[in-house]
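The structure appears right after this line, and notes come after that.
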Amino acid sequence: MIDKNRIPTHVAIIMDGNGRWAAKRGLPKMAGHNAGMLAMKEIVKASDILGVKYLTVYAFSTENWKRSQEEVGGIFKLVVKYVDSELAELHQNNVKVKILGDYKVVPKVAVDRLEKSLETTQNNTGLQFNIALNYGSRAEIVRAVNNIKKDVENGSLTTDIEITEEIIGRYLYTGDENGNIPDPDLIIRTSGEERLSNFMLWQSAYSEFEFTDVLWPDFTPQEYEKLIEQYQNRDRRFGGRK
């Protein structure tokens, strides 16, 4: 039974298994991605109902460009479809959308929809739904260091500044530009794989992990609640002792 007083503040999800879900059914990969989009829609709703404050989903990595042009193009068409079909409801439910990653290099039609979702929901105060798109954690850290360097050069930071974890954190995608998102309490990965795949390497220092064999399109709110309940049974010490 979930303890409503111990809901994780920030849940991050590596949504994995769309392709395998489709292959098991003899369907094209895009059928799996479409089914995955529907699963994501339900998990956003479930997060809001449960009282999760921040939900981050790994939608498209910097490495995903290696996939076929057909699949990549299809994924960005789904981004457009998702925003067109869900933005009004997200806004009505007071959900704030944020994008983590270098999203402005994706196809323009997708950029336009993403920016529309940012603008429409910018003043909302409910669940913050972070979509990691064209995101890679190593690239994020390199970008942060380069931006710190630029700010030293232009005088925004003093030349004798001590670089601390807090300074670097402010320059990550989860930092100042997106409202200083707290580190994930819980990271979930579906499909049976047990690795981060270049996702939130900096932010996951003290995150709890839950891995499930369920493929992402089959991931239900009930499975989500089960993993949160397992998370609540953990003793989080953050390097200390109790």
Residue among LYS81, LYS108, LYS29, LYS104 that alone is of a type outside the set (S, T, N, Q), touching a residue at least 12 places away in the same chain (Cβ under 8 Å) and closer than 29 Å to ASN124 by Cα: LYS81
In the stretch 157-210, what residues are farther than 22 Å from ALA39 by Cβ and small (Gly, Ala, Ser)? GLY169, GLY175, GLY179, SER204, ALA205
When you go through (1) buried (at least 18 other Cβ atoms within 10 Å of the Cβ); (2) among the small types (Gly, Ala, Ser); (3) closer than 30 Å to ASP235 by Cα; (4) without any contact (Cβ under 8 Å) to a residue 60 or more places away in the chain one by one for SER47, which number turns out not to apply? (4)
Hey, ASN94 in a loop (DSSP other than H, G, I, E, B), more than 15 Å from the chain's Cα centre (by Cα), surrounded by 15 or more Cβ atoms within 10 Å (Cβ to Cβ) and of a type outside the set (Ser, Thr, Tyr) or not: no
Taking ILE14 as the residue in question, decide whether it is surrounded by fewer than 21 Cβ atoms within 10 Å (Cβ to Cβ), of a type in the set (Val, Ile, Thr) and touching a residue at least 40 places away in the same chain (Cβ under 8 Å). no
Matching residues, the stretch 147-186, being in contact with a helix residue (DSSP H, G or I) (Cβ under 9 Å, 6 or more places away or on another chain) and of a type in the set (S, T, N, Q): ASN147, SER156, THR158, THR159, THR174, ASN180
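Values in this text are rule-based calculations from the coordinates and carry no lab data. Everything quoted here is computed from the prediction, not taken from an experiment. With ideal geometry, Cβ positions are generated from the backbone for all residues, glycine too; neighbour counts draw on all protein chains shown.
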